[in-house]
Amino acid sequence: MSGGDWRESLDAARDLPDGEPKVAELERIAAHADAAGEVRLGVDARLALVETHRFRGERWRSVEPLHRCLAAVDRHPALFDAADTAALLRNQHAAVEALSGSPRIGLAQARFLLDDLDRRLAGAEPGTVAELRCRLADQLGDEPAARAWFARWRAAGPGHRCAACVAVRQAGLLTGWGEWAEAVRVLEPLTTDPGDCTDQPEAALAALLLPYLRSGRYDDAGRAHVRAYRRHRREWTAFGHLPAHLLFCALGGHPARGLEILVEQLPRLARPTDERSAMEFAAAGALLCRLAGESGLVRTPDPSGPPDEAEADAGPHRSTRSTGHPGPARRGHESWPVDALGLGHATRLAEVFGLVRAAGSAGGRDVATLGAELLATATDLAGRFDARNGTGHQSGQVAARLAERPRAGVPAPLPAEPAPDDAEAGPVDAEPDGPGAPGVPVPLTVAMVVAALERRGDRCAVDPAGAVVGRWGEAMIRFERVGSRAEILHARVVATRRLPAGRRAEAYEFVNAWNRDRLQPRAYVHEVEDELVLAGDLTTDLAHGVAPAQVEVLVDAAVTTGVAYAEAVAALP
């Protein structure tokens, strides 16, 4: 093939789904470029490879192709402009950050990349370098060094990075060092003024859970948990916040609610964002299972005899309390085997990480056995980090987590409101524009759309025309009612990234590929003042009415697919 043909192959590879076939094709193109001496093609293929690994949640795999890109840029600087250099620096930063998330990145590799990034930035971003050195020292358990770099990081300010996200990361370190009051001081302003950060205030509220509990602010902890979990319950990228919610339930006196959350979220352990998040989730889940057993909430049934009368009558059903959270009906009188809790899909953690082996059939496992499997997972992952780091710090952190116990004064009160999307937790609040019983179709209203977004934990605004508008990362989404009777729900998605008009053919190729491979949103290109706006829409005819639960499904689908579309636009070269 000619050079142009290989370039077309690269363009086609970028449009492939983010799976192993795409990885293999990009690696094939990069290998050809090396053999043919086509430096620019090789770098472009490897940058696409780095992005693919990032989207797949495998940032550790980006280190090798990134090394090759950096070497190529150093050898042939004239082939690359400022935008290329900036993209490489962003990816280099992400690769160093991935060190704390995966033990599969060598410590020497990460240190080399960090020193090299420091050299390339030449003092332009002191806060970025100080943060990375701080987090590296904390990962190794060198608290004095971490605190020294932390002071430099705070003195440098957030720079060009999101100030709210920087505050959440800093508060996480403070919490780990036992600086509860300072963590609260850093985070509380974000709960009332989150600024433009789309992760706030829920990320800050999750980070506040342990500081609130440790400070005895149980009411605040309960409110923060309920509000933040509404959003974190659904978002794949929020997996790292789930350990905080499990710990709140374990240490805040709500083991029943915690078990419900653990059951609901265990499938996400099959695809965690990274190994560190999986380790923390498993450790928090193991603690929760242990405390549930110690409290008498669950016990293992005697396989040699019949269940007692209470168990035979009650089974693993749930009740709804005045606090609005699900829990067992009779504390101390129920047996919750794993299968009864719906955990049969989650007990083979060995198949996810290759860490432990579960003997016997699923039917004999109970919550204590699940806790043991989670503990084995957390311990094994901690051991992998420690083997890479040459310390015992992570194993010590897991052991310390398992030794924690609730403080006096708990349980932390929870707001008296229904759990989101839980049919047994009571009816959804009635909409202002009409009846709102969950299963009764009614005419679509603006209030129903707003309520659906609020139950997701999203922020939105209603403009004078009655449209509901919000921003989710790279996507601006507008919900409005159209049609002669306002019976049609129309969601319009606009990617924040725009392309120059000269890339019209490429933009049309992208949206045509999207429309061929995806059901929604329907994508199109719109030209505005020499720029190309890539947008999409979803339309649903609700002439026969709609139930609030159905509105939630439609809104969730619009947000999920709209964000995926906007992220794909942002990932274009």
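Laboratory data are not the source of any read-out in this text; all were calculated from the coordinates shown. Just so it is clear, the model here is predicted, and its values are computed rather than measured. Neighbour counts are summed over all protein chains in view; Cβ atoms, including those assigned to glycine, are modelled from backbone coordinates with ideal geometry.
Note on residue 407 and residue 391: the model spin-label points, each 7 Å out from Cα along the C-beta direction, lie 2.6 nm apart. Between residue 71 and residue 294, full extension at 0.36 nm per residue minus the direct alpha carbon distance yields a gain of 74.6 nm.
Multiplying the residue separation of residue 163 and residue 516 by 0.36 nm and subtracting their alpha-carbon distance yields 123.2 nm. For segment 240-266, backbone nitrogen atoms closer than 13 Å to the point 7 Å from residue 368 Cα along Cα-to-C-beta are found at no residue.
Note on segment 2-56: with charges restricted to the Cβ of Lys and Arg (+1) and Asp and Glu (-1), its dipole about the Cα centre is near 180 debye. A simple rule links phi to the HN-Hα coupling: the Karplus curve 6.51 cos²θ - 1.76 cosθ + 1.60 with θ = phi - 60°, which for segment 240-254 gives x, 8, 4, x, 5, 5, 5, 5, 4, 5, 5, 8, x, x, 10 Hz, with x for Gly and Pro. Of the peptides 256-268, 534-546, the ranking by mean beta-carbon count within 10 Å, highest at the top, reads 256-268, 534-546. Applying 0.36 nm per residue to the separation of residue 400 and residue 148 and subtracting their alpha-carbon distance, the gain on full extension is 88.3 nm. Phi angles across segment 72-89 convert, under the Karplus curve 6.51 cos²θ - 1.76 cosθ + 1.60 with θ = phi - 60°, into 3J(HN,Hα) values of 5, 5, 5, 7, 10, x, 5, 7, 10, 9, 5, 5, 4, 4, 5, 5, 5, 5 Hz, Gly and Pro given as x.
Peptides 87-96, 225-234, 147-156, ordered by how many other C-beta atoms sit within 10 Å of their residues on average, highest first, read 225-234, 87-96, 147-156.
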